[in-house]
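Trainee: First the structure, then my questions, so here it is.
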Amino acid sequence: MKSVTMMIAVLALAVGLSAQTKKPEAQGLTGTWNMGLQGGHVIPVALVLKQDGEALTGTISMPTQRIGQTVDVALKGEIANGALTLSGTVEGAKDPTTIAITGKMNDEGMLEGTVSMSGSSGPHGDMPYTAERLKERSK
């Protein structure tokens, strides 16, 4: 009886150690991200992504010239070799602005990259960013 109890304890320990040493599966980019654009100051922006294989879609809520107002811009893109590319156009503006987002996930699970904007008058500039995924609320 002692040997059976000892064997069960050894198996339980082995299973526990095996579960701890497994690497977590690569998490996709689907989710809501809190993006901080680095301009003259940090601009908080909401980024919502949905990953389907290598295809990415989503929206980014960009601030407007009016304080407190944002405009949601639909995005399409892909992820290839760990790098993401997304783009979209601000609709309904006098000077339609194209937004291009590039980046990759760092070792801490955050996105890092650059947001570039351009319009008919030319490029508006590049802004580096970092983005942290928001945790889903438990139901």
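Trainee: Is it the case that Thr98 is closer than 16 Å to Gly36 by Cβ, surrounded by 12 or more Cβ atoms within 10 Å (Cβ to Cβ) and among the polar types (S, T, N, Q)?
Mentor: Considered against the rule, which asks whether it is closer than 16 Å to Gly36 by Cβ, surrounded by 12 or more Cβ atoms within 10 Å (Cβ to Cβ) and among the polar types (S, T, N, Q), Thr98 comes out as no.
Trainee: Anything in region 119-135 that is of a type in the set (Gly, Ala, Ser) and surrounded by 15 or more Cβ atoms within 10 Å (Cβ to Cβ)? List them, or say none.
Mentor: Residues of region 119-135 of a type in the set (Gly, Ala, Ser): 119-122, 125, 131.
Selection gives Gly119, Ala131.
Trainee: Here are Ser120, Ser138: which of them is in contact with a Pro (Cβ under 9 Å, 6 or more places away or on another chain) and modelled with pLDDT under 85?
Mentor: Testing whether each residue is in contact with a Pro (Cβ under 9 Å, 6 or more places away or on another chain) and modelled with pLDDT under 85 leaves just Ser120.
Trainee: Just checking, which of Val42, Val48 is surrounded by 11 or more Cβ atoms within 10 Å (Cβ to Cβ) and modelled with pLDDT of 95 or more?
Mentor: The match here is Val48.
Trainee: Is it true that some residue in region 66-77 is surrounded by fewer than 17 Cβ atoms within 10 Å (Cβ to Cβ) and modelled with pLDDT of 95 or more?
Mentor: yes
Trainee: Cβ-Cβ distance below 8 Å, separation of 6 or more or different chains: which pairs start in region 99-110 with a residue that is touching a residue at least 60 places away in the same chain (Cβ under 8 Å) and end on one that is of a type in the set (Gly, Ala, Ser) and surrounded by fewer than 16 Cβ atoms within 10 Å (Cβ to Cβ)?
Mentor: Met105/Gly82
The values are calculated or read from the model by the stated rules, or taken from the named source; none is laboratory data. Just so it is clear, the structure is predicted and the values come from calculations on it, not from any experiment. Counting neighbours? That spans all protein chains shown, and the Cβs are built from the backbone with ideal geometry, glycine included.
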